[in-house]
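Trainee: Before we start, here is the structure in question, set down as structure tokens.
The values are calculated or read from the model by the stated rules, or taken from the named source; none is laboratory data. These numbers were taken from a predicted model, which means no experiment stands behind them. In this analysis, Cβ positions are derived from the backbone assuming ideal geometry, glycine residues included, and neighbour counts consider all displayed protein chains. The area values use the complete protein model at the heavy-atom level, side chains included, leaving out ligands, DNA and RNA. Shrake-Rupley method; radii C 1.70, N 1.55, O 1.52, S 1.80 Å.
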Amino acid sequence: MIIKESSEQASELVAHWIGKAIEQNPSAVLGLATGKTPLRVYEKLVQRHEAGELNFKKVKSFNLDEYVGIGPEHPNSYAHYMRSHLFAKTNFKEENTFIPDGLTQDIVKECRSYEKKIAKEGPIDLQLLGIGRDGHIGFNEPGSSLRSRTRLKTLTKETREDNAVHFSESSRIPIHVMTMGLGTIMEAKQIILMAFGKDKAQAVSLCVEGPVSAFVPASILQFHNNVKIVIDKEASSLLKNREYYEWVYAQKPDWQMP
Ligand code: PGA
């Protein structure tokens, strides 16, 4: 648990770790997230690439999820998001970036084939996650099987409202998505979950301190052996053990520091 003063500082740290993973393994396989939360991280990775410090030539990436019914050219598709915030601004090779095809005619086949690609290219070395107000990771909404694989999901009303702001008309936000499952996510070697702002405080506290339950899908991370949760002060406000987490971080021996 790492609680930073601001989302800016938290993003700096996460960008640093991603950079380190790529320096240590230029062919690293990243699991990438979309949404508001990782935006600053991507900006920082782009800056480091422009400064000649980061090379994405051999890096592979798998995105968590995609809306059903919109294609890569649609400004709200996650394929478009990834191109505009990261891929087109760095030297990622298109053939190394994977994301479910929102326009597929056969969703079951597309999801199975996505799993096969992850199995072939993976395991994912480092999986980046945000968290929804309802505790989702990827688009695994409450009730998702804790062992689920990539599949079709139906968004909750809350998630559709949260994400509708990115669409020109709220009615246009898709109802269905394809998302990596919780079982898929749990196979990543290392996971970094980020959460910023008071709206995420309850989801963070249930994820970290609540019981493991399909009702709070992010709580499955309690079973993973290499997870970093990087949050800002606001997102930490409901944690019962907050002082302890801050104390632990402050006491970390040098060799454990980022
Ligand atoms: P956000 O979404 O980063 O836009 O808040 C996070 C999520 O829904 O997982």
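Trainee: Give the number of residues within segment 25-75 that are open to solvent by less than 30 Å² (accessible area, probe 1.4 Å) and of a type in the set (S, T, N, Q). Step through it out loud before you land on a result.
Mentor: The initial filter retains those residues of segment 25-75 that are open to solvent by less than 30 Å² (accessible area, probe 1.4 Å), namely 28-35, 37-38, 41-42, 44-46, 54, 56, 59, 61-67, 70-71.
Imposing the further condition that a residue be of a type in the set (S, T, N, Q) reduces the set to 34, 37, 61, 63.
Here the count works out to 4.
Trainee: One residue is enough: does segment 44-67 have a residue meeting the conditions farther than 24 Å from residue 168 by Cα, in contact (Cβ under 8 Å) with a residue 60 or more places away in the chain and either more than 16 Å from the ligand (Cβ to nearest atom) or assigned to a loop (DSSP other than H, G, I, E, B) (or both)? Give the steps one after another, and end with the answer.
Mentor: Of the residues in segment 44-67, the ones farther than 24 Å from residue 168 by Cα are 44-62.
Among the residues that remain, those that are also in contact (Cβ under 8 Å) with a residue 60 or more places away in the chain are: 60, 62.
From what is left, the residues that are either more than 16 Å from the ligand (Cβ to nearest atom) or assigned to a loop (DSSP other than H, G, I, E, B) (or both) are 60.
Looking for residues that are farther than 24 Å from residue 168 by Cα, in contact (Cβ under 8 Å) with a residue 60 or more places away in the chain and either more than 16 Å from the ligand (Cβ to nearest atom) or assigned to a loop (DSSP other than H, G, I, E, B) (or both), one finds at least one in segment 44-67, hence yes.
Trainee: Filter segment 154-183 for residues that are more than 12 Å from the ligand (Cβ to nearest atom) and either among the acidic types (Asp, Glu) or open to solvent by 40 Å² or more (accessible area, probe 1.4 Å) (or both) and give the result.
Mentor: Across segment 154-183, the qualifying residues are 154, 157, 168, 169, 170, 171, 172, 175, 176.
Trainee: Are any residues in segment 103-123 assigned to a loop (DSSP other than H, G, I, E, B) and in contact with a helix residue (DSSP H, G or I) (Cβ under 7 Å, 6 or more places away or on another chain), and if so, which ones? Spell out the reasoning first.
Mentor: Restricting attention to segment 103-123, the residues satisfying the condition of being assigned to a loop (DSSP other than H, G, I, E, B) are 103-106, 122-123.
Correct list: 104 only.
Trainee: Counting residues that are closer than 17 Å to residue 69 by Cα, which helices (runs of 4 or more DSSP H) fully inside segment 147-231 reach at least 2?
Mentor: 157-164
Trainee: Continuing with this model, one more query. Taking segment 128-146 only, how many residues are open to solvent by less than 10 Å² (accessible area, probe 1.4 Å) and either assigned to a strand (DSSP E or B) or more than 8 Å from the ligand (Cβ to nearest atom) (or both)?
Mentor: Total satisfying the criteria: 7.
Trainee: Which condition does residue 78 not pass, out of (1) more than 24 Å from residue 19 (Cβ to Cβ); (2) within 15 Å of the ligand (Cβ to nearest atom); (3) not charged (D, E, K, R), if it passes all the others?
Mentor: Exception for residue 78: condition (1).
Trainee: Restricting attention to segment 160-197, which residues are of a type in the set (D, E, K, R) and more than 26 Å from residue 237 (Cα to Cα)?
Mentor: Listed by number, the residues that qualify are 169, 172, 187, 189.
Trainee: Which one of the conditions (1) modelled with pLDDT under 95; (2) open to solvent by less than 40 Å² (accessible area, probe 1.4 Å); (3) not basic (Lys, Arg) does residue 81 fail to meet, given that it meets all the rest?
Mentor: (1)
Trainee: Here's another thing I want to ask about it. For residues that are in contact with a helix residue (DSSP H, G or I) (Cβ under 9 Å, 6 or more places away or on another chain) and open to solvent by 80 Å² or more (accessible area, probe 1.4 Å), tally how many sit in segment 213-240.
Mentor: So the count comes out to 6.
Trainee: Here's another thing I want to ask about it. Within segment 110-127, identify whether any single residue is within 16 Å of the ligand (Cβ to nearest atom) and either touching a Leu at 6+ places or on another chain (Cβ under 9 Å) or open to solvent by less than 50 Å² (accessible area, probe 1.4 Å) (or both), and answer yes or no.
Mentor: Restricting attention to segment 110-127, the residues satisfying the condition of being within 16 Å of the ligand (Cβ to nearest atom) are 127.
Then keep just the ones that are either touching a Leu at 6+ places or on another chain (Cβ under 9 Å) or open to solvent by less than 50 Å² (accessible area, probe 1.4 Å) (or both); that gives 127.
Yes, that holds for at least one residue.
Trainee: Out of 143, 210, 181, report the one residue that is touching a Phe, Trp or Tyr at 6+ places or on another chain (Cβ under 9 Å) and small (Gly, Ala, Ser). Give the steps one after another, and end with the answer.
Mentor: Values: 210 fails: touching a Phe, Trp or Tyr at 6+ places or on another chain (Cβ under 9 Å); 181 fails: touching a Phe, Trp or Tyr at 6+ places or on another chain (Cβ under 9 Å).
Exactly one of 143, 210, 181 is touching a Phe, Trp or Tyr at 6+ places or on another chain (Cβ under 9 Å) and small (Gly, Ala, Ser), namely 143.
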